[in-house]
Amino acid sequence: MQHQIQKLNNISKKESRKILGLMSGTSLDGLDLALCEVSGHGKETQLKLLAFETHDYSELFKNEVREVFSKQTVSLEKLCLLNSWIAIEHATIINAQLKKWNVEHTEIDLIASHGQTIYHAPKRQHQQNGFENSTLQIGDGDHIAHHTGIITISDFRQKHVAAGGEGAPLAAYGDYILFADKKVDRILINIGGISNLSYIPADGSFEDLVCTDIGPGNGLIDAWVKEHFSPLKYDVYGKIAASGNVIIELLEAMLKDPFLKSAFPKTTGPELFNIAWVEKIILDNAIKIENNEDVVATLTAFTATLLSSAIKEFTTSDKQCEVYISGGGVHNKLMMKMIQTNSPEIKIDTTEVISINPDAKEAILFAVLANELVAGDGSCFGNGNKSAPNVGMGKVSFAG
Ligand SMILES: Nc1ncnc2c1ncn2[C@@H]1O[C@H](COP(=O)(O)OP(=O)(O)O)[C@@H](O)[C@H]1O
Ligand SMILES: [Mg+2]
C-alpha cells in the first residue's frame, strides 16, 4: 500500500487521534485552533480539548480577503492567488502555534481545516436557473498539508452540497454526536457573523434533527461598529449597544425581510445581510437616526429577537428543553441578556456548562467531522435528512 495511504489507514485504526480543528468564519476575526484528542466514532466519540487559541488576523490578511469576500465581482487572478496564500498563512499560523504549545508536528494525526468562506450561494438566494446550491471556501488543503507535514482534511462543505444540502450549517453532525441527550431536547446555537441552530429532540435519531441558519449573528453589529466607531472592530461586551436605545421602527422594518419570514431550514451569509442592507432599510423607510449607538442597540436587539423566536419555534411548554450558546456572540453581554429576557421560561446557558469552550466549539466540530471521515462508519447519521444528508465530508490531502 502506498506509504501515505498506509499512514492514514493506521491513523483510522488508532485508539485515539490528535486532530487540530481549524475554523475561520464570516466575522473574519481570526483563525480558531482547537487541538483535540478524539477516540471512537459516531455516538461513541470521546473528545478532549487539549489546547485552544484564536490567532487574530492581521490587518493585511483581512484586507486581502476582503477584496473577494462575499463580493459578486472579483479579480479572478486575486481569487486564484488567495486560494494558496490563505493556506500558506494558515500553515504558518499552525506551525507557530504548535511551537508555542510545545507540540511536535509528528504528534498531530490530522488537521481539519474549514478554510475561509468567501461566497455562499444557496439556490434560494442566487435564483439562477440551471444552477444548484453553491458555496466556496478557499485556503487549499494540499498547501496546508505540504507546509505542515500533516495529513489535512479540508473543504468539508462541498459533499454536503453535492448531496443536496446548502453546505451549511454543518454544526448539526458534531452537535448530534457530542450533545444529543436521552431525556431532554437540546438546542445548540452558534453566534458568529451568522447565527445557526441545531435542534436535537430527546432520544431522537439524526433524521429528527433540524439544523438551520437563523440569520445575522454579530455580523451587522461588527459592520456598523467598524464603520462608525473606528478603530473598534466589534461592540466589546455590548457596551455601545447598552448606551443606546432601540429604534423600534428600524427593528420592525428589518424583521420584515423575506429571508427571515421563510421557514427553517435555510442558510444565508453576508452576501445578503450586510451594511448596505441596513442602510437601504433606513433609507427606504425614511428612518431618522439620532446617533449610531441607537443603531448598534437596534442591531443587537434584532439578532436577539431572531434567536428568541427561533428558540420559541422549537420549544413547547410541556417538554423540557436546554439551550446552549457558543461563538463570539456569547461575549456580548447585552445580547445574551436580551435573549434570556425574551425567553423567560427557558434557561439559556453557554456551552461552557456542558464543558465545551464556546469560542472553541466550531473548530472542535470540524475535528469531529474529520474523525468521522477517517474513523467513522456513518451509521449514527442513519438516512440523514434534507438539511443534513448522511455523507462523509472533507477531502484528504497527503503531506508528501
Ligand atoms: N468581548 C466581546 N464582546 C462582544 N463581542 C465579541 C467579543 N469577542 C468576540 N465578539 C464577537 O464575536 C465575533 C467573532 O465570533 P466568531 O464565533 O469567531 O465568529 P465567526 O465564526 O464568524 O468567525 C466578533 O467579530 C465579535 O462580534
Ligand atoms: Mg471567528
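The values are calculated or read from the model by the stated rules, or taken from the named source; none is laboratory data. Computed from a predicted structure; not experimentally measured. Here Cβ is always computed from backbone atoms with ideal geometry, including for glycine, and neighbour counts include all displayed protein chains.
Consider THR350 carefully, then state whether it is closer than 22 Å to THR212 by Cβ and in contact with a strand residue (DSSP E or B) (Cβ under 6 Å, 6 or more places away or on another chain). Before the answer, list the steps.
Numbers: closer than 22 Å to THR212 by Cβ: yes; in contact with a strand residue (DSSP E or B) (Cβ under 6 Å, 6 or more places away or on another chain): yes.
For THR350, the condition - closer than 22 Å to THR212 by Cβ and in contact with a strand residue (DSSP E or B) (Cβ under 6 Å, 6 or more places away or on another chain) - is met.
Looking only at segment 54-66, count every residue that is outside any loop (DSSP other than H, G, I, E, B) and buried (at least 18 other Cβ atoms within 10 Å of the Cβ) and tell me the total.
Step one: list which residues in segment 54-66 are outside any loop (DSSP other than H, G, I, E, B), which gives 54-56, 59-66.
Checking the rest, the ones that are also buried (at least 18 other Cβ atoms within 10 Å of the Cβ) come to 55, 61, 64-65.
Qualifying residue count, segment 54-66: 4.
Cβ-Cβ below 9 Å, separation at least six or inter-chain, first residue in segment 121-142 and closer than 13 Å to VAL161 by Cβ, second among the small types (Gly, Ala, Ser) and loosely packed, with under 15 Cβ neighbours inside 10 Å: which pairs?
Between residues of segment 121-142 that are closer than 13 Å to VAL161 by Cβ and residues that are among the small types (Gly, Ala, Ser) and loosely packed, with under 15 Cβ neighbours inside 10 Å, the close pairs are GLU132/GLY164; ASN133/GLY164.
Taking ALA112, is it at pLDDT 95 or above, among the hydrophobic types (A, V, I, L, M, F, W, C) and buried (at least 24 other Cβ atoms within 10 Å of the Cβ)?
Values: at pLDDT 95 or above: yes; among the hydrophobic types (A, V, I, L, M, F, W, C): yes; buried (at least 24 other Cβ atoms within 10 Å of the Cβ): yes.
Criteria met by ALA112.
Suppose we filter segment 229-238 for residues that are exposed (fewer than 15 other Cβ atoms within 10 Å of the Cβ) and more than 16 Å from ligand 2 (Cβ to nearest atom); how many remain?
4
Tell me which helices (runs of 4 or more DSSP H) are completely within segment 155-235 and hold 1 or more residues being over 23 Å from LEU299 (Cα atoms) and within 15 Å of the chain's Cα centre (by Cα), or say none if there are none. Steps first, please.
Values: elements: 157-162, 171-179, 219-228.
Of the helices (runs of 4 or more DSSP H) lying wholly inside segment 155-235, those with at least 1 residues that are over 23 Å from LEU299 (Cα atoms) and within 15 Å of the chain's Cα centre (by Cα) span 157-162, 171-179.
Out of everything in segment 287-334 that is in contact with a Gly (Cβ under 8 Å, 6 or more places away or on another chain) and under 26 Å from LEU209 (Cα atoms), what residue ends up being farthest from ligand 2 (Cβ to nearest atom)?
The extreme case among them is LEU306.
I want to confirm something. Restricting to segment 365-391 and keeping residues that are charged (D, E, K, R) and not in a helix (DSSP H, G or I), which single residue is nearest to the chain's Cα centre (by Cα)? Steps first, answer last, please.
So in segment 365-391, the residues charged (D, E, K, R) come out as 372, 377, 386.
After this cut, where a residue has to be not in a helix (DSSP H, G or I) as well, the list is 377, 386.
Values: ASP377: 24, LYS386: 19 Å.
Only one residue tops the list, namely LYS386.
Are any of the residues in segment 328-341 surrounded by 22 or more Cβ atoms within 10 Å (Cβ to Cβ) and in a loop (DSSP other than H, G, I, E, B)?
Yes, because at least one residue in segment 328-341 is surrounded by 22 or more Cβ atoms within 10 Å (Cβ to Cβ) and in a loop (DSSP other than H, G, I, E, B).
Within segment 15-52, track down each residue that is assigned to a strand (DSSP E or B), within 16 Å of ligand 1 (Cβ to nearest atom) and hydroxyl-bearing (Ser, Thr, Tyr).
In the first step, residues of segment 15-52 are kept if they are assigned to a strand (DSSP E or B); the result is 16-24, 30-39, 46-52.
Checking the rest, the ones that are also within 16 Å of ligand 1 (Cβ to nearest atom) come to 21-24, 30-34, 49, 52.
Listed by number, the list holds a single entry, SER24.
One residue is enough: does segment 12-30 have a residue meeting the conditions among the basic types (Lys, Arg) and either surrounded by 14 or more Cβ atoms within 10 Å (Cβ to Cβ) or not assigned by TED's automatic domain parsing to the domain that holds ILE138 (or both)?
Initial filter on segment 12-30 (among the basic types (Lys, Arg)): 13-14, 17-18.
Still in the running and either surrounded by 14 or more Cβ atoms within 10 Å (Cβ to Cβ) or not assigned by TED's automatic domain parsing to the domain that holds ILE138 (or both): 17-18.
Yes, that holds for at least one residue.
In segment 190-204, which residue that is farther than 17 Å from ILE339 by Cβ and crowded, with 24+ Cβ neighbours inside 10 Å is nearest to ligand 2 (Cβ to nearest atom)? Talk me through it step by step, then tell me what you get.
Step one: filter segment 190-204 for residues farther than 17 Å from ILE339 by Cβ, giving 193, 200-204.
Still in the list and also crowded, with 24+ Cβ neighbours inside 10 Å: 193, 200.
On the way: GLY193: 8, ILE200: 24 Å.
This residue is GLY193.
Given the options LYS43, LYS48, LYS78, name the one that is in the same structural domain as ALA370 (by TED's automatic domain parsing) and farther than 23 Å from LEU365 by Cβ.
On the way: LYS43 fails: farther than 23 Å from LEU365 by Cβ; LYS48 fails: farther than 23 Å from LEU365 by Cβ.
Result of the check over LYS43, LYS48, LYS78: LYS78.
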